[in-house]
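**Q** This is the structure I have questions about; it appears just below.
The values are calculated or read from the model by the stated rules, or taken from the named source; none is laboratory data. Note that this is a predicted model, so its numbers are computed, not measured. Note that each Cβ is placed from the backbone with ideal geometry, even for glycine, and that neighbours are counted across all protein chains shown. Protein only, heavy atoms only, side chains kept; ligands, DNA and RNA dropped before computing areas. Shrake-Rupley method; radii C 1.70, N 1.55, O 1.52, S 1.80 Å.
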4 protein chains.
Amino acid sequence: MTPTSNSTAPDRPANVMTPPTAAEAAELDALYARMGAENMIPLWTEIGDLMPQTPRPAAVPHVWRWSTLLPIAEDAGRLVPVGRGGERRAIALANPGLGGRPYATPTLWAAIQYLGGHEVAPEHRHSQNAFRFVVEGEGVWTVVNGDPVAMRRGDFLLTPGWNFHGHHNETDAPMAWIDGLDIPFVHYTDTTFFEFGIDRVTDEATPPVSRSERLWAHPGLRPLSGLDDTVNSPIAAYRWEHTDAALAEQLALEDEGQPATVELGHAAVRFVNPTTGGDVMPTIRAEFHRLRPGASTATTREAASSVYQVFDGEGTVSLGGTEHRVGTGDMFVVPSWVPFTAQTDAGLDLFRFGDQPISERLGLARTHVQRP
Amino acid sequence: MTPTSNSTAPDRPANVMTPPTAAEAAELDALYARMGAENMIPLWTEIGDLMPQTPRPAAVPHVWRWSTLLPIAEDAGRLVPVGRGGERRAIALANPGLGGRPYATPTLWAAIQYLGGHEVAPEHRHSQNAFRFVVEGEGVWTVVNGDPVAMRRGDFLLTPGWNFHGHHNETDAPMAWIDGLDIPFVHYTDTTFFEFGIDRVTDEATPPVSRSERLWAHPGLRPLSGLDDTVNSPIAAYRWEHTDAALAEQLALEDEGQPATVELGHAAVRFVNPTTGGDVMPTIRAEFHRLRPGASTATTREAASSVYQVFDGEGTVSLGGTEHRVGTGDMFVVPSWVPFTAQTDAGLDLFRFGDQPISERLGLARTHVQRP
Amino acid sequence: MTPTSNSTAPDRPANVMTPPTAAEAAELDALYARMGAENMIPLWTEIGDLMPQTPRPAAVPHVWRWSTLLPIAEDAGRLVPVGRGGERRAIALANPGLGGRPYATPTLWAAIQYLGGHEVAPEHRHSQNAFRFVVEGEGVWTVVNGDPVAMRRGDFLLTPGWNFHGHHNETDAPMAWIDGLDIPFVHYTDTTFFEFGIDRVTDEATPPVSRSERLWAHPGLRPLSGLDDTVNSPIAAYRWEHTDAALAEQLALEDEGQPATVELGHAAVRFVNPTTGGDVMPTIRAEFHRLRPGASTATTREAASSVYQVFDGEGTVSLGGTEHRVGTGDMFVVPSWVPFTAQTDAGLDLFRFGDQPISERLGLARTHVQRP
Amino acid sequence: MTPTSNSTAPDRPANVMTPPTAAEAAELDALYARMGAENMIPLWTEIGDLMPQTPRPAAVPHVWRWSTLLPIAEDAGRLVPVGRGGERRAIALANPGLGGRPYATPTLWAAIQYLGGHEVAPEHRHSQNAFRFVVEGEGVWTVVNGDPVAMRRGDFLLTPGWNFHGHHNETDAPMAWIDGLDIPFVHYTDTTFFEFGIDRVTDEATPPVSRSERLWAHPGLRPLSGLDDTVNSPIAAYRWEHTDAALAEQLALEDEGQPATVELGHAAVRFVNPTTGGDVMPTIRAEFHRLRPGASTATTREAASSVYQVFDGEGTVSLGGTEHRVGTGDMFVVPSWVPFTAQTDAGLDLFRFGDQPISERLGLARTHVQRP
């Protein structure tokens, strides 16, 4: 805790001062030692790292291949039981810049979860907000506060903070999907609460749609039994049919010369809480983007971090200036302020989630968009 | 303007005072005359009427029969042209208590509008908020800011304040529907603005769904091209298929023992602005209620006024203690604080709109619900 | 209720139609008669009056002189008791355009209230929002929910909806002040509730400041015992010392070349609810304006109505193009969309209140400002 | 990055599974190695630490003595220049549990800043939100966006995110004060932006009150030139006179039997943004608490972290069950969910700031209060 050199960053002007004499240097070292002993640290030796002119995230851009993720999850399925204690057979993306923590970005957890045929992940609840996104397969139901929610390809499924939830696979075949949570943020802010539920799920029914959808997933309609606004969306499942239709309509409207897309050839929707029109959960934004064949996006920087999964198609993404070919199931991370561009010849469907609600609700959001 | 007697209402205690002598009475009369001459009026002669203990609306409960409304509209169709100047062939419900004004309630306009085969109601815009509700027929398109919106049975259609709009009938057959507006309120608050548009409609296309629906009517999904919240809903048409499905699901959930309805056998949805989850327009609430056969509602009083139209089925409504049999197309008014109950043997579908957002946004809302 | 002529307003284009034959005219008259009998009224005969291109308020600009108001109030003090039944010795300004109703504007009540030495106005409460503004005198306490609030020159005092309140004069001298309420609006919307309290006041103490001020009137400080936002301001009295200082500082800052005033020589503050920063009550805005000697305002039109009282100084106000000399105590009304300008050689302090929160909260606000 | 043991926490039930055979264990180790190589980490080995049943902050309760802080700051004043590069002579409290980072809590920076006679800390701005609190001394002006703000004992002073600010000491005597910022949070979320300003301050005037106060610090009054709500409070200085008066009034009201304090003998105010009534800055809450002689607080746990400074008096605080005697100038930290109680015989004035707005705005807030 005793700093002895000035770590001032290169983008900061030199502190214009006469070099200290040997006596002065010794006195300064003694002062720093005293500070260390008293749990004090000077700003002037730290400011370059602490307060750079623009974000210098420790997290780095990185791509994980579905062809790597899935076999490892399958092997874990053979070797590791699912059940009380470990709770879930989920394997997190660990950002190479974050020192071995199971964090995709400083705030976000992203994992592949795997449930074998007829397995059950027991119920629990926690203050962390969670969602699932399904890139392939079906046959698992997530039970959220007693409401069974079928999981199918393309669906975006919520288990917001403090809702009991478990998963059970009703088929002979395994199923894998993506989990997204704010575990790192909740851990960092020391706001975690966790409670165990029953060892199986509270309702083993397997309806095609959840009760939450039957009550809430009607466009522009709100049940009179649900007039109090809620912090989290009451919709447990955002179905692929609706997402796909919304994106297709935006591109069709663009073809008709109507304003509908965010930029040429780029359709996008945000998943929202119908009681407020805002993000589905207070810490996590989730969106779906579709690029038509031949389209490319502007280059964007955000003071926020995002995780993407390719849902369909293939293309090239540029992360901080480095290009990566990506295809179905591949996942990648865009840390704060890293320039991001996507381009595709064949068409590209991208699911993304991010921590934008955090910076927006706290007055820290900035975005920079550069169009070619 | 010279009041000479005390109009104190019966629910107010007598003003305990010695009766005035003749000289005093004369002096008082002279004072009142002076006040009148100076455009002044005392509170004490007015307070009983002005500030009763509970609302004493001038508007009265009243039922208009569809079997009366439609033939009159048809005759107007023969005799009165539609076009610039009169603007619309709309005939308003005039509450018998409101002194011959074309007002259904002090704040709300409700009318039957009629458009003959191939007629066009020219474009205009105004600060008044408007909607249409279709109890029968089809073949007319409302064009809202250039977006053609098909009108079909059961649809609820918006033309919010300051949006250009016109109507055109593409068929040989006439069509009639209900208009709801805040004309009386806007007139009362002197906030009216009006502008003429072109004499025909700006887009004569006849698509089955509007562009606004293609962009916005996807449950829980918000286009990234529409992230700014809007005062009015961006959805131009709330389709019957969705409303019907939402109500049917609530009753099915009730059958399964799940909380979903507002009370036993009574399903209900509110039409909302997807950018906020709130009412579709700042002055008008719109809802759809379904009573299953044999159901009845609690008795409700609201410090707000409502207009209902029976969409389907038949039943009995009690308005201030008087019962009325009502069937498809019939309309009725529930003034402020008048007790309202509905009951049905055969099943009853009710569309209602009201001025509840006014009292709620201004801190004046009160509701009293009495269950049997 | 049977309209026989077209009242289309001059700002509306003529309805281009062939003049009806005698037979057609007779048939039309018969139709109108049928409508009348069925409580129906056509839009096309009413639209010119109902929906003009800009507001055409029935209310007219008008000036009431303090030199007229006060003597009439004094005579009422001699002739009319104050007490249960009449409740208050208040005499309303009746706008000459509003047909003999005791309304300053369609939405607002403005009155002079007069309380003789040692008189008591008994306690009551009502859904109507009320305030007092004191142009001269002192010695009366308003007791709001048991909190005695001294009334002194320049003070702005709140008795928001549903707060019990009474007044008592602790001196030998009478006192007169201004009452402002939303009585017409609450009457119009049928949202009135009224309840009698005790015949005297609940606390006869006469402290110089109220408990509400001691708890709430500290700049930028909120008591931890009051963290729930309230619809109405919890501050019962906005004292003249603070208002005067705030205005003086704005002009001093302007003298120093700093942005502070709304326009050159024109300082202004709004009275606000410290729990939200918004208007003191949901239906009424209140402000204080100070013009330095030689200053004049821009010409403003608002889709809202206001009442002013000259607190000090003298000047000329232009209401809809007509100029009026005004001095201390004089009151005047600016109906919706009527152009308003003020100018002063000697300096002018103006208190104003208005119904702007109504149009703003309901999406109906418009303002037009014309600078010379 | 290759976990080899199960770190499940003691509050989590044992994962009931048959112990692996040697072959299985080897296979599992190989799988973990593969995961490590692919930047993947399993949840089941981490969940105990990541998601405990209640917060287990790494930060620990700690007390820093003013008698230690001030001499170290004085020595730094002799040995370390203030100026461009180091920017500020500020020495941070480094929580012993946070691994040598200059963080008082995971989210908050707290430091003592020291400015010698006639020294200048140059202007800069940054996305980090900052405030100053003065426990002793005077003679320095903070210049915020060109507005000189005098600093005096008891004052709470804001320099919100992206406002240029510098400090200059106009006296011969040094001055020390407390800085509070969200540096750790902004660093963690990678939302830092920083810009240098001029090397001196932009306005060297030394007025007793700032222009921001002259415009904004009037209770319940809002300038019409400032009607747009702002994310941060526009008040640059909350003066001790007002804070002291507000607290004294609460205790006086308590003496009169009126509700005013948060609990018996415990007065408290929150510093708020007058445009919204909410916290002064989006990430930082600031409050002042006064315990009268003999009073003690309830025991409180919050899912949020706080830093306190004793402003006056002395007493005993209990942090996680350990008692500490504290007196004027002493600072201490209460990490998330650590039980906190204060008690005093002589009377105790406490300034506190915390990150509560973060958990509240993000739906993660929890509080537990235990009264004796």
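Let's see how each residue does on (1) farther than 17 Å from A:SER225 by Cα; (2) out of contact with any Lys or Arg (no Cβ under 9 Å at 6 or more places or on another chain):
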| site | (1), (2) |
| --- | --- |
| B:HIS266 | no, no |
| B:THR300 | no, yes |
| B:TYR308 | yes, no |
| B:VAL317 | yes, no |
| B:GLY320 | yes, yes |
| B:ASP330 | yes, no |
| B:PRO339 | yes, no |
| B:THR344 | yes, no |
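**Q** In addition: Looking at (1) open to solvent by less than 30 Å² (accessible area, probe 1.4 Å); (2) at the interface with chain D (Cβ under 7 Å from one of its Cβ atoms), which one does C:GLY226 not meet, given that it meets all the others?
**A** Among (1) open to solvent by less than 30 Å² (accessible area, probe 1.4 Å); (2) at the interface with chain D (Cβ under 7 Å from one of its Cβ atoms), C:GLY226 violates only (2).
**Q** I'm told B:TYR103 meets every condition in (1) closer than 22 Å to C:ALA92 by Cα; (2) part of a loop (DSSP other than H, G, I, E, B) except one. Can you identify the failing condition by its number?
**A** (1)
**Q** Go through the stretch B:77-88 and count every residue that is facing another protein chain (nearest Cβ under 7 Å) and part of a loop (DSSP other than H, G, I, E, B). Steps first, answer last, please.
**A** Here is the first cut: in the stretch B:77-88, the ones facing another protein chain (nearest Cβ under 7 Å) are B:79-81, B:83-88.
Add one more test, that the residue is part of a loop (DSSP other than H, G, I, E, B), and what stays is B:80-81, B:83-88.
Number of matching residues: 8.
**Q** I'd like the full set of residues that are farther than 30 Å from D:THR107 by Cβ and open to solvent by 10 Å² or more (accessible area, probe 1.4 Å), limited to the stretch A:84-113.
**A** A:ARG84
**Q** Still on this structure, please answer the following. So A:ALA246 ticks every box in (1) among the aliphatic types (A, V, I, L, M); (2) surrounded by fewer than 19 Cβ atoms within 10 Å (Cβ to Cβ); (3) facing another protein chain (nearest Cβ under 10 Å) but one. Which box is left unticked?
**A** (2)
**Q** Of all residues in the stretch A:337-353, count the ones that are aliphatic (A, V, I, L, M) and in a loop (DSSP other than H, G, I, E, B). Quick ask: steps written out before the conclusion?
**A** Filtering the stretch A:337-353 for residues aliphatic (A, V, I, L, M) gives A:338, A:342, A:346, A:348, A:350.
When the remaining residues are screened for being in a loop (DSSP other than H, G, I, E, B), the result is A:338, A:346.
Residues in the stretch A:337-353 being aliphatic (A, V, I, L, M) and in a loop (DSSP other than H, G, I, E, B): 2 in total.
**Q** Being in a loop (DSSP other than H, G, I, E, B), within 16 Å of the chain's Cα centre (by Cα) and modelled with pLDDT of 95 or more: is that true of D:ARG132 here? Let's see the steps before the verdict.
**A** Values: in a loop (DSSP other than H, G, I, E, B): no; within 16 Å of the chain's Cα centre (by Cα): yes; modelled with pLDDT of 95 or more: yes.
Judged against the criteria, D:ARG132 is not a match.
**Q** Go through the residues of the stretch C:164-181 one by one and say whether even a single one is within 14 Å of chain B (Cβ to nearest Cβ), open to solvent by less than 40 Å² (accessible area, probe 1.4 Å), of a type in the set (D, E, K, R) and at positive phi.
**A** no
**Q** Check the stretch B:354-361 and report whether any residue there is part of a strand (DSSP E or B) and more than 14 Å from chain C (Cβ to nearest Cβ). Steps first, answer last, please.
**A** Here is the first cut: in the stretch B:354-361, the ones part of a strand (DSSP E or B) are B:354.
Now restrict to residues that are more than 14 Å from chain C (Cβ to nearest Cβ): none.
Within the stretch B:354-361 (the criterion being part of a strand (DSSP E or B) and more than 14 Å from chain C (Cβ to nearest Cβ)), the answer is no, since none of the residues qualifies.
**Q** Restricted to the stretch B:44-70, and to residues that are outside any loop (DSSP other than H, G, I, E, B), open to solvent by 40 Å² or more (accessible area, probe 1.4 Å) and in contact with a helix residue (DSSP H, G or I) (Cβ under 9 Å, 6 or more places away or on another chain), which residue is nearest to the other protein chains (Cβ to nearest Cβ)?
**A** The first filter runs over the stretch B:44-70 and keeps only residues outside any loop (DSSP other than H, G, I, E, B), leaving B:47-50, B:62-64, B:66-70.
Checking which are open to solvent by 40 Å² or more (accessible area, probe 1.4 Å) leaves us with B:49, B:62, B:67.
Applying the additional criterion that residues be in contact with a helix residue (DSSP H, G or I) (Cβ under 9 Å, 6 or more places away or on another chain) yields B:49, B:62.
Values: B:ASP49: 8, B:HIS62: 7 Å.
Selected residue: B:HIS62.
**Q** Does B:ALA150 count as crowded, with 24+ Cβ neighbours inside 10 Å, among the hydrophobic types (A, V, I, L, M, F, W, C) and touching a residue at least 12 places away in the same chain (Cβ under 8 Å)?
**A** Numbers: crowded, with 24+ Cβ neighbours inside 10 Å: no; among the hydrophobic types (A, V, I, L, M, F, W, C): yes; touching a residue at least 12 places away in the same chain (Cβ under 8 Å): yes.
So B:ALA150 fails the test.
**Q** Just checking, how many residues over the stretch B:341-371 are open to solvent by less than 20 Å² (accessible area, probe 1.4 Å) and not small (Gly, Ala, Ser)? Don't jump to the end; show me each part of the working.
**A** From the stretch B:341-371, those open to solvent by less than 20 Å² (accessible area, probe 1.4 Å) are B:342, B:344, B:347-351, B:353-359, B:362, B:364; that's our starting set.
Imposing the further condition that a residue be not small (Gly, Ala, Ser) reduces the set to B:344, B:348-351, B:353, B:355-358, B:362, B:364.
Selection size over the stretch B:341-371: 12.
**Q** Could we say that C:VAL134 is under 23 Å from B:ILE41 (Cα atoms) and either surrounded by fewer than 24 Cβ atoms within 10 Å (Cβ to Cβ) or away from every other protein chain (no Cβ under 12 Å) (or both) here?
**A** Against the criterion (under 23 Å from B:ILE41 (Cα atoms) and either surrounded by fewer than 24 Cβ atoms within 10 Å (Cβ to Cβ) or away from every other protein chain (no Cβ under 12 Å) (or both)), C:VAL134 qualifies.
**Q** I'm checking my understanding of the structure. Among residues of the stretch B:207-223 that are under 27 Å from the mean Cα position of the chain (by Cα) and surrounded by fewer than 17 Cβ atoms within 10 Å (Cβ to Cβ), which one is nearest to B:THR275 (Cα to Cα)?
**A** B:VAL209
**Q** Does B:PHE311 satisfy being among the aromatic types (Phe, Trp, Tyr) and out of contact with any helix residue (DSSP H, G or I) (no Cβ under 7 Å at 6 or more places or on another chain)?
**A** Details: among the aromatic types (Phe, Trp, Tyr): yes; out of contact with any helix residue (DSSP H, G or I) (no Cβ under 7 Å at 6 or more places or on another chain): yes.
The answer is yes for B:PHE311.
**Q** Can I ask one more? What do you reckon, is D:THR283 among the hydroxyl-bearing types (Ser, Thr, Tyr) and open to solvent by less than 20 Å² (accessible area, probe 1.4 Å)? Don't jump to the end; show me each part of the working.
**A** Details: among the hydroxyl-bearing types (Ser, Thr, Tyr): yes; open to solvent by less than 20 Å² (accessible area, probe 1.4 Å): yes.
Here the answer is yes, as D:THR283 does meet what is asked.
**Q** Go over the candidates D:GLU24, D:GLU74 one by one and state the one that is part of a helix (DSSP H, G or I) and in contact with a helix residue (DSSP H, G or I) (Cβ under 8 Å, 6 or more places away or on another chain).
**A** Numbers: D:GLU74 fails: in contact with a helix residue (DSSP H, G or I) (Cβ under 8 Å, 6 or more places away or on another chain).
Of D:GLU24, D:GLU74, the one residue that is part of a helix (DSSP H, G or I) and in contact with a helix residue (DSSP H, G or I) (Cβ under 8 Å, 6 or more places away or on another chain) is D:GLU24.
**Q** Within the stretch B:290-315, which residues are open to solvent by 20 Å² or more (accessible area, probe 1.4 Å) and part of a strand (DSSP E or B)?
**A** Those that are open to solvent by 20 Å² or more (accessible area, probe 1.4 Å) and part of a strand (DSSP E or B): B:ARG290, B:SER296, B:THR299, B:THR300, B:ARG301, B:GLU302, B:ASP312, B:GLY313.
**Q** If you don't mind, there's one more thing I want to ask. Any chance the stretch C:328-336 includes a residue that's away from chain B (no Cβ under 14 Å) and without any contact (Cβ under 8 Å) to a residue 12 or more places away in the chain?
**A** no
**Q** Only residues in the stretch B:104-128 that are on the phi > 0 side of the Ramachandran plot count as the first member; pair them with residues that are at pLDDT 95 or above and open to solvent by less than 20 Å² (accessible area, probe 1.4 Å), Cβ under 6 angstrom, at least 6 apart or cross-chain, and list the lot.
**A** What qualifies is B:HIS118/B:ASN169.
**Q** I'd like the residue in the stretch A:89-100 that is at the interface with chain D (Cβ under 8 Å from one of its Cβ atoms) and under 17 Å from the mean Cα position of the chain (by Cα) and, out of all such residues, is nearest to A:MET175 (Cα to Cα).
**A** Our first condition is that a residue be at the interface with chain D (Cβ under 8 Å from one of its Cβ atoms); within the stretch A:89-100, this holds for A:89-96, A:100.
Restricting the remaining residues to those that are under 17 Å from the mean Cα position of the chain (by Cα) gives A:90-96.
Values: A:ALA90: 12, A:ILE91: 14, A:ALA92: 16, A:LEU93: 18, A:ALA94: 22, A:ASN95: 24, A:PRO96: 27 Å.
So the residue we want is A:ALA90.
**Q** Every residue in the stretch A:318-336 that is open to solvent by less than 30 Å² (accessible area, probe 1.4 Å) and either part of a strand (DSSP E or B) or of a type in the set (Phe, Trp, Tyr) (or both), please. Even if it seems obvious, please write down each step before you answer.
**A** Residues of the stretch A:318-336 open to solvent by less than 30 Å² (accessible area, probe 1.4 Å): A:318-319, A:326-327, A:329-336.
Once the filter is applied, which keeps residues that are open to solvent by less than 30 Å² (accessible area, probe 1.4 Å) and either part of a strand (DSSP E or B) or of a type in the set (Phe, Trp, Tyr) (or both), the stretch A:318-336 yields A:SER318, A:LEU319, A:VAL326, A:GLY327, A:MET331, A:PHE332, A:VAL333, A:VAL334.
**Q** Identify the single condition in (1) under 22 Å from the mean Cα position of the chain (by Cα); (2) open to solvent by less than 20 Å² (accessible area, probe 1.4 Å); (3) not β-branched (Val, Ile, Thr) that D:GLY116 does not satisfy, given that it satisfies every other one.
**A** Of everything listed in (1) under 22 Å from the mean Cα position of the chain (by Cα); (2) open to solvent by less than 20 Å² (accessible area, probe 1.4 Å); (3) not β-branched (Val, Ile, Thr), D:GLY116 misses just condition (1).
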